[in-house]
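Worksheet: the structure to be examined is printed underneath.
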Amino acid sequence: MAYDDTLFQLGMDLTRSSTAQKEDHGENARVAHPSRSSPENSQFAEESDERKDFFIERNGIRYAGNHLIIDLFGAQRLDDLKYIERTMKRCVEIAGATLLHVHLHHFTPNGGVSGVAVLSESHISVHSWPEADYAAFDVFMCGDAKPELCVDVLKDAFEAREVVVKSHQRGEDLDLMEWQQASSKTAPVREVKAA
C-alpha cells in the first residue's frame with residue numbers, strides 16, 4: 001500500500017533530515033528530539049514546548065504567526081538538494097527556530113526540488129524550478145522566531161537577481177473568532193480576496 005512508505009518515513013530518525021539519514025552535515029540548527037521521556041532531552045523538550053505554541057502580540061494586535069511568501073527570480077543552485085537543505089537549516093538557525101524534520105524531493109528530469117522543514121514554530125517550504133531560475137519559499141513562524149531574517153539568507157545563498165516578499169500576519173482575528181465561536185454552534189466563514 002502506498003501509505004506504508006509515508007508512515008515509515010514519518011517514524012524515521014527525526015533528529016536528522018530524510019535526505020541525510022546516513023550523512024551528518026554538522027549543521028548548527030537546533031533540533032528537537034522525538035524522545036521527550038529521556039532525561040537528557042527533558043530540558044530541551046520543555047524549552048521547545050514553551051516556544052512553539054504561543055502567539056505574537058505587537059502594536060496591540062494578537063496573532064498566530066508571521067508568514068512570508070518569498071519569490072526568488074534569477075536564482076542559482078536550485079537543483080542542488082543538499083545545498084537547499086543546508087540553506088533551509090541556516091534559515092532555521094538564524095531565525096532562532098527549532099528544527100523537527102526536513103524532507104526534500106528531487107524531481108527528474110528538470111532537477112527541481114520541493115520540500116519542507118517542519119519546525120516547532122511552524123515550517124519553511126520550498127518549490128524550485130531551476131529551468132526558470134525561480135524558487136518559491138514559504139516561511140511561517142510563531143513565537144519569538146524571526147522569519148524576516150531568512151530573506152537575506154535565501155537571497156545570498158541562491159544569488160537571486162530579484163526577491164519579492166509578501167508578508168501576512170496569520171490568525172490576526174483570533175480573539176474575535178474565539179468570541180464568535182463561543183456564542184455560535186457553527187464556525188463563521190469569512191471570504192478574503194487575495195491582494
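Laboratory data are not the source of any read-out in this text; all were calculated from the coordinates shown. No experiment lies behind these values; they were computed from the predicted model shown. Every residue, glycine as well, gets a Cβ built from its backbone with ideal geometry; the counts of neighbours run over all protein chains shown.
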- Message: If packing is taken as the average number of other Cβ atoms within 10 Å across a peptide's residues, how do 94-106, 152-164 rank, most packed first?
- Response: 94-106, 152-164
- Under the 7 Å Cα-to-Cβ spin-label approximation, L149 and S114 lie apart by a distance in nanometres of 3.1 nm
